[in-house]
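Take a look at the structure set out below.
The values are calculated or read from the model by the stated rules, or taken from the named source; none is laboratory data. None of the values given here were measured: they were computed from a predicted structure. Here the Cβ positions follow ideal geometry from the backbone for every residue, glycine too, while neighbour counts run over all protein chains shown. Accessible surface is based on the protein model in full, side chains and every heavy atom, while ligands, DNA and RNA are left aside. Shrake-Rupley method; radii C 1.70, N 1.55, O 1.52, S 1.80 Å.
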Amino acid sequence: MSEARRELTIVALNARGEGVATDGTVAPLALPGETALTEADGERARVVAIAVASADRAEPICAYFGRCGGCAAQHMSARLYSAWKRDGVVRALSRAGVAAEVGPLIDVHGEGRRRATFHARFVDGHEQVGFMRARAHDIIAVDACPLFAPGLAGAIRSANALAAAVRGISKPLDIQATATLGGLDFDLRGSGAPDDLTRRKLVAAAERLDLARLSVHGETIVERRPPEILFGDVLAIPPPGGFLQASEAGERALADGAAAALVGAKRVADLFCGAGAFALRLARAHEVFAVDSDAAALAALTRAAGAATGLRAVHAETRDLFRRPLTGAELARFDAVLFDPPRAGAEAEARALVAGGPPLVVAVSCNADSFARDARILIGGGYEIGPVAALDQFRFSPHVELLAAFRRRPVKRRKGPLG
């Protein structure tokens with residue numbers, strides 16, 4: 001064997017789904033129990049061949065796997081994949097000192113991803129459009145993705161056409177596509193405000209591609225049809241590029257889980273509410289106070305609530321909950337709080353809830369580490385954590401959604417001298 005090559009025995013998977021050898025060397029695409037022939041690749045090892053394969057090795061469903069950086073785990077069996085993702089949640093909770101029951105991984109991929117972000121680079125007058133290459137900064141062009149929902153059909157072709165329409169800019173471009181009831185909704189970021197000529201090219205491209213809406217940096221260039229999304233049975237039009245759960249099935253599962261935990265609560269605060277994926281569903285049975293820092297998202301929520309029939313009262317407030325969480329008398333108005341923060345979590349709000357929160361808190365998270373930190377704060381302040389649900393809507397990626405309810409422990413009163 002060449003000195004540049006060596007055999008590694010793989011014993012574990014790291015958080016990114018990469019194989020870890022007995023000596024700690026990271027070998028992407030290798031699995032526990034395998035013997036891999038490798039070459040040095042910086043601080044890592046590149047797998048040249050699998051000398052002894054694991055019984056948990058699976059055939060990838062996509063020809064781009066291993067080159068495209070969008071997926072990390074197509075080579076894992078369903079058993080290993082589920083265990084790896086659930087174990088990541090268990091380890092995050094353990095590191096934070098949180099003891100909680102974690103259920104089996106729940107598949108909520110549904111029909112697939114309804115949103116994708118393509119990247120474009122312009123080199124020598126030509127555009128390169130696709131996804132980021134695995135462990136690199138260049139782009140790999142793709143002609144299909146098996147994880148897309150049917151509503152994203154045509155998104156790759158359209159992304160290429162939109163990149164061509166702004167050809168000539170020197171900055172990298174992100175092209176976000178969303179499947180809506182009205183058709184494809186695109187938001188371009190990185191190009192800066194378009195000049196008049198580019199604006200006309202984009203309008204013509206949107207017409208040719210039959211897009212519902214086309215925006216640049218959140219500014220609508222043309223809306224040919226309303227890019228509507230159903231939140232439960234309420235129609236809403238999220239702002240360009242606004243937050244949206246990755247799959248319809250994932251959003252529905254999270255909302256249903258939250259609703260089940262909130263039964264009996266009259267007044268609910270929905271914090272980090274976005275355009276209303278939870279709030280507009282909850283308003284069928286609860287009075288809802290919705291809070292988010294994104295004014296455009298809250299405006300979309302308010303319009304949707306105003307147009308719907310049969311909802312209970314929905315109030316909204318634009319507020320940066322990282323800097324100014326709900327506290328004291330504000331929290332005292334509610335029977336329960338639901339929060340679904342960005343990946344950074346809700347540390348400030350968790351501390352405020354400990355100081356004066358309602359008896360029930362429902363936490364949704366897309367980051368196991370920040371969820372575990374916030375859970376530790378709530379538990380340390382008098383809440384008890386229920387079972388943690390781990391939901392998989394980002395299939396073949398390391399990401400997992402979490403849902404858990406926290407109930408305040410009853411205060412034990414000291415007995416007086418008469419008992």
**OP:** Look at segment 128-153 and say how many of its residues are among the small types (Gly, Ala, Ser), open to solvent by less than 50 Å² (accessible area, probe 1.4 Å) and within 22 Å of Ala246 (Cβ to Cβ).
**Re:** 4
Original post:
Any idea which residue in segment 62-74 is surrounded by the most Cβ atoms within 10 Å (Cβ to Cβ), counting only those that are among the hydrophobic types (A, V, I, L, M, F, W, C) and more than 19 Å from Thr117 (Cβ to Cβ)?
Top reply: Ala73
**OP:** Report whether or not Arg284 is surrounded by fewer than 23 Cβ atoms within 10 Å (Cβ to Cβ) and in contact (Cβ under 8 Å) with a residue 40 or more places away in the chain.
**Re:** yes
Subject >> strands (runs of 3 or more DSSP E) completely within segment 1-80 that count 2 or more residues being in contact with a Pro (Cβ under 9 Å, 6 or more places away or on another chain) and of a type in the set (A, V, I, L, M, F, W, C) >> reply: 5-13, 44-52
Original post:
Between a first residue in segment 16-37 that is over 14 Å from Asp56 (Cβ atoms) and a second residue that is hydroxyl-bearing (Ser, Thr, Tyr) and crowded, with 21+ Cβ neighbours inside 10 Å, which pairs have beta carbons less than 6 Å apart while being 6 or more apart in sequence or on different chains?
Top reply: Ala27/Thr38
**OP:** Tell me, please, whether a residue that is touching a His at 6+ places or on another chain (Cβ under 8 Å) and farther than 28 Å from Ala249 by Cβ can be found in segment 131-151.
**Re:** yes
Subject >> Counted residues, segment 20-61 - those being small (Gly, Ala, Ser) and open to solvent by 50 Å² or more (accessible area, probe 1.4 Å) >> reply: 6
**OP:** From Gly88, Gly110, Gly125, grab the single residue that is closer than 27 Å to Leu162 by Cβ, among the small types (Gly, Ala, Ser) and crowded, with 18+ Cβ neighbours inside 10 Å.
**Re:** Gly110
Original post:
Considering segment 319-351 alone, what residues qualify as being basic (Lys, Arg) and open to solvent by less than 60 Å² (accessible area, probe 1.4 Å)?
Top reply: Arg319
**OP:** Working only within segment 154-200, note down all residues that are within 21 Å of the chain's Cα centre (by Cα), among the acidic types (Asp, Glu) and surrounded by fewer than 19 Cβ atoms within 10 Å (Cβ to Cβ).
**Re:** Asp174
